[in-house]
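The values are calculated or read from the model by the stated rules, or taken from the named source; none is laboratory data. Keep in mind the model is a prediction, meaning the values are calculated, not measured. Cβ: placed from backbone, ideal geometry, glycine included. Neighbour counts: every protein chain shown.
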Amino acid sequence: MTANYETREHDVLIIGAGGAGLRASLEALAQGASVGVVCKSLLGKAHTVMAEGGIAAAMANVDTADNWKTHFRDTMRGGKLLNNWRMAQLHAQESPDRVRELEQWGALFDRTETGDILQRAFGGHTFKRLCHVGDRTGLEMIRTLQDRGVQQGIDVYMECTVTRLLTDGGRVAGAFAYWRESGRLIVFKAKSIVIATGGIGKAWRVTSNSWEYTGDGMALAYEAGAELMDMEFVQFHPTGMVWPPGVQGILVTEAVRGEGGILRNKLGERFMEKYDPKRMELSTRDVVARSIYTEVKEGRGTEHGGAYLDISQKPAEYVKKKLPSMYHQFKELADVDITKGPMEVGPTCHYVMGGIRVGAETAESTVPGLFAAGEAAAGLHGANRLGGNSLSDLLVFGRRAGLAAAQHAKQVSAPSIDTAQIEQSERELLAPFSNTGVESPYAVHRDLQEVMQNLVGIFRAEEDLKKALVELGKLKARAAKAGVEGSRLFNPGWHLSYDLKSMLTISEAVTHSALARKESRGAHSRIDFPNLDSLWEKKQNIIVRENGAMQRRENPVEEMPAELKQVLAEDKS
Amino acid sequence: MSEATLRVFRGDSNSGQTVDYPVPVAPGMVVLDALHYVQGHLVPDLAVRWNCKAGKCGSCSAEVNGRPRLTCKTRMDDLPQDQPITVLPMKSFPRIKDLVTDVSWNYRVNRKIPAFEPRPGTNWKISQLDVDRVQEFRKCIECFLCQNVCHVLREHDMKEQFAGPRFFVRVAGLDMHPLDGRNRAALLKNELGLGLCNITKCCTEVCPEEIHITDNAIIPLKERVVDEFYDPLTMLFRKIRGK
Ligand SMILES: Cc1cc2nc3c(=O)[nH]c(=O)nc-3n(C[C@H](O)[C@H](O)[C@H](O)COP(=O)(O)OP(=O)(O)OC[C@H]3O[C@@H](n4cnc5c(N)ncnc54)[C@H](O)[C@@H]3O)c2cc1C
Ligand code: SF4
Ligand code: SF4
Ligand code: FES
């Protein structure tokens, strides 16, 4: 095969232009590296733009007693102690500076009476901790980062999808990608690569995630030999829209509960009294999601199979000011005026705590030169993420990844690119064009979503998980035959056939991991093993590719140092 | 379940025509759902952009029954169903394929606008009132619908001289940031072509974020340019300072 592709070279290549990728690019640039950022959508449309509620950082502007130790403790407890304690510590310590930095770059947050950044309450956070701008915090964040990036001179390759990482011996050498618009191919040469590709929610039917969330980054890293960790921990957000059918799964921000929203079942009972009388609606997401699910399952659900969430006891003007996009979302999509009556809500697949295993300080994966940050990386959130801890994660570990990637690039020689890898990637990418008509990638995707929704959902059982693995096997065989129509010019069916591959790999990793973890912890609930098992606190659940096949193994967890144990124990609650 | 006919533009930069597709209509369904139905069941290569499906990302812009809209926020039951629902790509941008257009020009314009720069010595205290005042401009989701309808771009294609309403909104969001220390008046006048806007307000009418683009962003910016360049006192100062 001849060179059917253009070639670009950067010291640091960043895959993903959400908060994590953009923050990483700014840091790598500040270190003097040449930086390229690749993303599947247009710049500014990544998931980060949708984040509503806020950024968690112990700035103590509202509750002056807050400090990093409390934030650390909340994060560890929310994650059921499975979190990488060092990441949780760095995150709690560095978030306030990262938020201030964002402000210095032009982000404008809501204010306190004294003119400081205002903070709101959120589930699992002891204090009012979420810095926010109404309910469009993510928009403010991504615009600030993207405009700064563009001004500082990052090269952005938008609507460009990476389908394979290129390696040189054991280390990273570059990436193979195609332009979504033209279907033309492009090869990136890079000394360091940062994966900041976000999550995997599109493998479930009811989800708050967009088409981009197909787990590409994790699949890319896995194929390149990196370890994935704790993949069974998938967060179902308790409040997604349930009606009408077209909007099912769209997120209803936790800020509604943060601002005082109350959950009731169809009998009018405030059911959280039963499940978590202390924290009520502001319990952690795993608990609230299971509570709603249980209410519905036991026949106390609303007309369309959810729970009522009511904020109408607050003054209408307050609701419109604090939750403007929720107000419009319900009014326009569901004909509900949330200042007058309750919303109907139910669990929706939202976030993955698991991901690429990385070192806490450098965000480097087990493959030299390959880094990961944001939702694509594992560790910070343990078994359950607290709301608001993702946006801060993006800033803290995005920066660390960019820094370490730039430093790594300074130290290593230029890798060499293996054309055989490029040729193979090209063959695989173009294969669907010769399969015309055998199977539709859309049909396989729909069936995959049913399998994951029904068999690998909020409550899990051995029998279901085993069945899921069998079904995934069949789906993989069907996906391999999936054909596409039309040309390479902006062809979503063709795009999906690659995304589908990532989803299948990641779904298999989630299912294997869930089957192995014979306990219930955080977001992972096994009806056949309903209790915590302390042995599982001491090990990481690892998925890795060996001899071409998916293998699972367990790594021991490093013991928490005494001073952090002390911090954890300090609070009596 | 009722059925509707979706009349969608199919084609590329050279040629194309509309094609009718039957779609089942479920309660609460939006036009983007209907497009996805067509994509998933009838035409797998139908090109459409979308991300959030909740009016937050500004990806899914198109012209529905002649009106520029976000397809994810346009309910099927708000449109007459006894006639076909036409969905066309935004007209002011070069077509790529089907409903997808080349909006890269917008990103090039954005590069001309210098980002926020804090005034020296600021203590970072800001009052909520000041935040509320600029909030409106910072809500922009970059759907480019305002760019699509503005006649300076749509009819006159003055993309070299004129930045368009989206970027006046952006400048307003920066200029009215309580701590911003830059002066963008010359940029507005000379490079962004603010003077070419003749206040027709078409942009304001289509903005899904309900930003009062003309009244709250463009007119105050025009006043600022006038103050800066035509106000005799300022002109005198400039002479004295030698700028
Ligand atoms: C509706 C909603 C509301 C939320 N609200 C909050 C909140 O209030 N607070 C909070 O802390 N968290 C919130 N979250 C979670 C948080 O927004 C996300 O976890 C976070 O934004 C992820 O950021 P990221 O940088 O890791 O990835 P993203 O912002 O998702 O970016 C991923 C990037 O990777 C690119 N990409 C993916 N695959 C490829 C590929 N193969 N090739 C090239 N590029 C690729 C994508 O195009 C995109 O640019 C919310 C999530 C949702 C869905
Ligand atoms: S008001 Fe100005 S910017 Fe808006 S549409 Fe009219 S001419 Fe264009
Ligand atoms: S100003 Fe309004 S119409 Fe224009 S791009 Fe922004 S959100 Fe869209
Ligand atoms: S898909 Fe995001 S605005 Fe329509």
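Summary of values
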item	result
Residue among B:51, B:110 that alone is polar (S, T, N, Q), in contact (Cβ under 8 Å) with a residue 40 or more places away in the chain and within 9 Å of another protein chain (Cβ to nearest Cβ)	B:110
Among (1) more than 19 Å from residue A:194 (Cα to Cα); (2) at pLDDT 95 or above, the one test that residue A:31 misses	(1)
Residue A:451, sole failed condition from (1) away from every other protein chain (no Cβ under 14 Å); (2) closer than 27 Å to residue A:5 by Cα; (3) touching a residue at least 24 places away in the same chain (Cβ under 8 Å)	(2)
Among (1) part of a helix (DSSP H, G or I); (2) buried (at least 17 other Cβ atoms within 10 Å of the Cβ), the one test that residue A:543 misses	(1)
Matching residues in the stretch A:261-284 - criterion: being surrounded by 13 or more Cβ atoms within 10 Å (Cβ to Cβ), of a type outside the set (Lys, Arg) and under 24 Å from residue A:385 (Cα atoms)	A:261, A:262, A:263, A:271, A:272, A:275, A:276, A:280, A:281, A:282, A:283, A:284
Residues satisfying the stated conditions in the stretch B:45-69, i.e. more than 12 Å from ligand 3 (Cβ to nearest atom), over 27 Å from residue A:482 (Cβ atoms) and either modelled with pLDDT of 95 or more or acidic (Asp, Glu) (or both)	B:62, B:63, B:64, B:65, B:66, B:67
Residues of the stretch A:100-111 that turn out to be at the interface with another protein chain (Cβ under 9 Å from one of its Cβ atoms) and either among the hydrophobic types (A, V, I, L, M, F, W, C) or buried (at least 17 other Cβ atoms within 10 Å of the Cβ) (or both), as a count	8
Qualifying residue in the stretch B:181-194 (condition: among the aliphatic types (A, V, I, L, M), within 10 Å of ligand 3 (Cβ to nearest atom) and assigned to a helix (DSSP H, G or I))	no
Residue A:372 vs. criteria within 20 Å of residue A:213 (Cβ to Cβ) and buried (at least 24 other Cβ atoms within 10 Å of the Cβ)	yes
Residue match in the stretch B:19-27 (condition: of a type in the set (Gly, Ala, Ser) and buried (at least 22 other Cβ atoms within 10 Å of the Cβ))	no
Complete set of residues in the stretch B:113-129 that are charged (D, E, K, R) and facing chain A (nearest Cβ under 7 Å)	B:125
Leading residue by the ranking (nearest to residue A:342 (Cα to Cα)) among those in the stretch A:216-248 that are within 14 Å of another protein chain (Cβ to nearest Cβ) and surrounded by fewer than 23 Cβ atoms within 10 Å (Cβ to Cβ)	A:243
The one condition in (1) under 27 Å from residue A:333 (Cβ atoms); (2) within 12 Å of another protein chain (Cβ to nearest Cβ) that residue B:97 fails to fulfil	(1)
Among (1) more than 16 Å from ligand 1 (Cβ to nearest atom); (2) within 13 Å of the chain's Cα centre (by Cα) - the single one residue B:172 does not satisfy	(2)
Residues that are of a type in the set (S, T, N, Q) and at pLDDT below 95, drawn from the stretch A:236-262	A:248, A:253
Qualifying position, being within 19 Å of residue B:155 (Cα to Cα), more than 8 Å from ligand 2 (Cβ to nearest atom) and either away from chain A (no Cβ under 14 Å) or of a type in the set (Phe, Trp, Tyr) (or both), among B:205, B:191	B:205
The stretch A:83-99: number of residues that are surrounded by 20 or more Cβ atoms within 10 Å (Cβ to Cβ), away from chain B (no Cβ under 14 Å) and of a type in the set (A, V, I, L, M, F, W, C)	4
Subset tally (residues that are surrounded by 12 or more Cβ atoms within 10 Å (Cβ to Cβ) and either part of a strand (DSSP E or B) or of a type outside the set (A, V, I, L, M) (or both)) for the stretch A:546-557	5
Residues of the stretch B:131-155 satisfying the condition of being in contact with a Leu (Cβ under 9 Å, 6 or more places away or on another chain) and either at the interface with chain A (Cβ under 10 Å from one of its Cβ atoms) or more than 10 Å from ligand 2 (Cβ to nearest atom) (or both)	B:131, B:134, B:135, B:137, B:138, B:139, B:140, B:141, B:142, B:143, B:145
Single residue of the stretch A:338-379 satisfying the filter (of a type in the set (Gly, Ala, Ser), touching a strand residue (DSSP E or B) at 6+ places or on another chain (Cβ under 7 Å) and not in a loop (DSSP other than H, G, I, E, B)) that is modelled with the lowest pLDDT	A:346
Out of A:13, A:81, A:26, A:108, sole residue that is at positive phi and over 16 Å from the mean Cα position of the chain (by Cα)	A:81
Qualifying strands (runs of 3 or more DSSP E) (wholly inside the stretch A:73-187; at least 1 residues being touching a Gly at 6+ places or on another chain (Cβ under 6 Å) and not aliphatic (A, V, I, L, M))	A:155-158, A:171-179
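Residues checked against (1) at pLDDT 95 or above; (2) of a type in the set (A, V, I, L, M, F, W, C):
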position	(1), (2)
A:227	yes, no
A:264	yes, no
A:271	yes, yes
A:298	yes, no
A:301	yes, no
A:311	yes, yes
A:326	no, yes
